[in-house]
1. Which aspartates and glutamates have a Cα less than 12 Å from the Cα of D:K7, not counting those fewer than 8 places away in the same chain?
2. Along the Cα-to-C-beta direction of C:E205, a point sits 7 Å from the Cα; which residues of segment C:2-38 have their amide N less than 13 Å from that point?
3. Give me the net charge for the shell around A:M1: Cβ to Cβ below 15 angstrom, other residues only, Lys and Arg +1, Asp and Glu -1.
4. Running a GNM on chain D with Cα contacts under 10 Å, which residue among D:R46, D:R11, D:R161 ends up with the highest mean-square fluctuation?
5. If we hang a label 7 Å off Cα along the beta carbon direction at D:S167, how far is it from the matching labels on the other copies, in nm, shortest first?
6. Place a point 7 Å from the Cα of A:Y145 along the Cα-to-Cβ direction; which residues of segment A:110-126 have their backbone N under 13 Å from it?
7. In nm, one decimal, shortest first: how far is the label point of C:R196 (7 Å from Cα along Cα to beta carbon) from the matching points in the other copies?
8. Take peptide B:71-82, look around each residue's Cβ out to 10 angstrom, count Cβ atoms belonging to other protein chains, and average those counts.
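Values in this text are rule-based calculations from the coordinates and carry no lab data. Owing to the predicted nature of the structure, the values given are computational and were not obtained by experimental measurement. Virtual Cβ from ideal backbone geometry, glycine too; neighbours counted across all protein chains shown.
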Amino acid sequence: MIDKFVPNIQEAMAGIQDGATILLAGFKAGTPERLVKGLIEQGARNLTLVCNAGGGDDGPIAELLATEHVAKIVCSFVRPASVAARLYAQGKLELEIVPQGTLAERIRAAGAGVRGFYTPTAADTVLADGRETRVIDGKLCLLEYPIHGDVALIDAWQADRWGNLTHRESARNFNPIMAMAAKLAIVQTNHVVNLGDIPPEHVHTAGVFVQRVLHVPL
Amino acid sequence: MIDKFVPNIQEAMAGIQDGATILLAGFKAGTPERLVKGLIEQGARNLTLVCNAGGGDDGPIAELLATEHVAKIVCSFVRPASVAARLYAQGKLELEIVPQGTLAERIRAAGAGVRGFYTPTAADTVLADGRETRVIDGKLCLLEYPIHGDVALIDAWQADRWGNLTHRESARNFNPIMAMAAKLAIVQTNHVVNLGDIPPEHVHTAGVFVQRVLHVPL
Amino acid sequence: MADTEFKPLDRLGIARRIAQDIPEGWFVNLGIGIPTTVSDFVPAEREVIFHAENGVIGIGPAPAEADINPWLVNAGVQPITLRTGGAYVHHADSFAIARGGHLDLCVLGAFEVAENGDIANWARSPSEPVKQVGGAMDLAVGAKRLWVAMEHNTKGSGESRIRRTCSYPLTAKGVVLRVYTDLAVLDVTPDGFAVRDMIPGLTFEALQARTDAPLRRG
Amino acid sequence: MADTEFKPLDRLGIARRIAQDIPEGWFVNLGIGIPTTVSDFVPAEREVIFHAENGVIGIGPAPAEADINPWLVNAGVQPITLRTGGAYVHHADSFAIARGGHLDLCVLGAFEVAENGDIANWARSPSEPVKQVGGAMDLAVGAKRLWVAMEHNTKGSGESRIRRTCSYPLTAKGVVLRVYTDLAVLDVTPDGFAVRDMIPGLTFEALQARTDAPLRRG
């Protein structure tokens, strides 16, 4: 019997290596906060963190960055008043800024087996400096590569033992595509449901993309 | 008030031009058969038809091809015993064979604003002869371009007046991505529902991708 | 003409002015700042469908304090509601809407707009340590129409933000169609800025005096 | 050794043999032909999740005639059922599963397999007018493991389909890990084919005599 549930946060986070690339889902809503705490407790170092934004002065991303276990962050923006901005100014954090749509598309590309793609986004900006561009149908495009994760930290509203997930309202955001893009997708779910309770036409993230599920009740 | 419903097949098909590229959804299930008949009746010529397969000896695709209004078909395979195969042998039909996953990804790329992408699929086959390849991370990849439609013919189970759709079981197949990839997505729906009857987390094709909806009861 | 004869619009006034020009049926993304408030001035009976980058289609009015749903936020992570007929999608699908040309309109704030349609809205210098790109580059190149909402002049020194060329790093080149400021509505044309509307009491000459780029009468 | 001492497996026998080797928890795509029938030999209590290209995850047993649902077909457009815990996705998402490396196994039929892992399964000549590519090229390069199911020799002339090099146009290069034939199970290794299993009564020498490629004892 397939059963992807793990009994505790230690088993959920087991085996994450130093130097791993961590895809962290969430756009305020849909951030798997228990798993972020678990990652801090687990103690892997020299991580690359991929997430929408660099967080603020508090909250889960700020806490994670403050431990200085993160060497590099890949995200679409960093607030001036944030732990990330200060660590970057101190030379303690590498920063790669990616336009948010390109970030989402690069993550999806990793999950979908796309090895590279061309997008007009940012092609005529300083973010393209020194990078490969080409004109397609008269439009300047930038070559972008997939972002693969060793680990994805995922939030769900419901999960079954096969790892099928639903996400609530706008808490869906990066969760389905980050689960696709990582070798090890670890999920925290608010609710555990029986196999079949999620109707097959309403699964938001299919179990094929999920490796471990931890029940974290509201 | 937004209302994408049209009262009859003539209005559904109005304005399709000679030479148009038609994306036809369906994988047996999910083929909008009334719209295919409507396209034949409408009479546009010299069409490029994009669909999963070239159809058989009967059925909607065979009927459409038999009218000789289709100049070219882009699909993943053609059966030996089919109208398509015979027209091709007679030099009356141009044929572009695209691996099925590449076909789906090229259609999605058109809908998503991706101007080109690299895939290992078919890169080391005769389908890549004379085409641009490159090695990415040690893997030979083929450059593929989006497939845009002038028109998409779409099947739905339910539709509301904003054009939000659901698709039944495996009848989903190409429907959501072809709706995204065409300037004019024309839908035939088995059921008309009120706005809000499709829960917002269960919309399969969002109305933003849909222009016209025709009610075709079962 | 004396400057005392006109009263610049406040930020909500700019938003109200923009709202007048959005017809029913458009799919619209509103950037952070002035643009966010545009939706408050579009009456519910004029069905305009607002999109947020984090996967919300059909943003409704802000919730009462008691009705805040932490799973439902907009791209500025403010609590929102969903209107009947709305839908949720994941981040890559959400940016497929933005990048794939499915938005009729995007309204962004900016630091500067140039007469060739260039927009600068994410940094005041290429070496700025804090990079707040977000989804602006995706939206700017992806939407069918890009309008900008901003004050005509900088707060301190009163420098014109309507410029011959942008001095700040670009968000995208040649994409702005129209600018709404506290003083005027300007169309970007092949011959530069054309004044389409001015606030009451303002003369063309007074507007030109406050504007770096040469203006044409609309 | 006399040929009469062994009895080649029939097509269902090959499928049964393959089914033995699929462990619980794998996500598996089965090609058309012999592979399709593999699922019939995996008992339901051993949870193996079967995927179809047209967006079905979790194919169940074939329906009784009276229970056929025209909206639910597999990649061979045969009626199927969905097992509890299954899900439906659209075509691009379905091929994201195949191309993104999420399938533990794909089993395809073939005309020929070469000792370097090349597979030919879609045409007997590059100029063949009827091209039945389908999803095979996507699956062959995308799945974590590719196994082939086919008869060891051609029906008429008895030519070996297990070859030094393929004579037919390739589906993909160097991707086959294992071949199940009516005579043997062969692993593709860096040193060529290794015999992993033979049917009762067959000797290594007799197998080699029927095989173009040199074999190693497994």
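1. Straight-distance partners of D:K7: D:D182.
2. It comes to C:2-3, nothing else.
3. Working: positive: A:K4, A:R161, D:R46, D:R83; negative: A:D3, A:D160, D:E24, D:E45, D:E47.
Residues near A:M1 contribute -1 overall.
4. Of D:R46, D:R11, D:R161, the Gaussian network model singles out D:R46 as fluctuating most.
5. For D:S167, the other copies' label points sit at 7.6 nm, shortest first.
6. Counting backbone N atoms under 13 Å from the label point, the list is A:110, A:115-117.
7. The projected label point of C:R196 is separated from its counterparts by 6.6 nm.
8. Details: counts 0, 0, 0, 0, 3, 9, 8, 5, 2, 4, 1, 1.
The mean count of partner-chain Cβ atoms within 10 Å per residue comes to 3.
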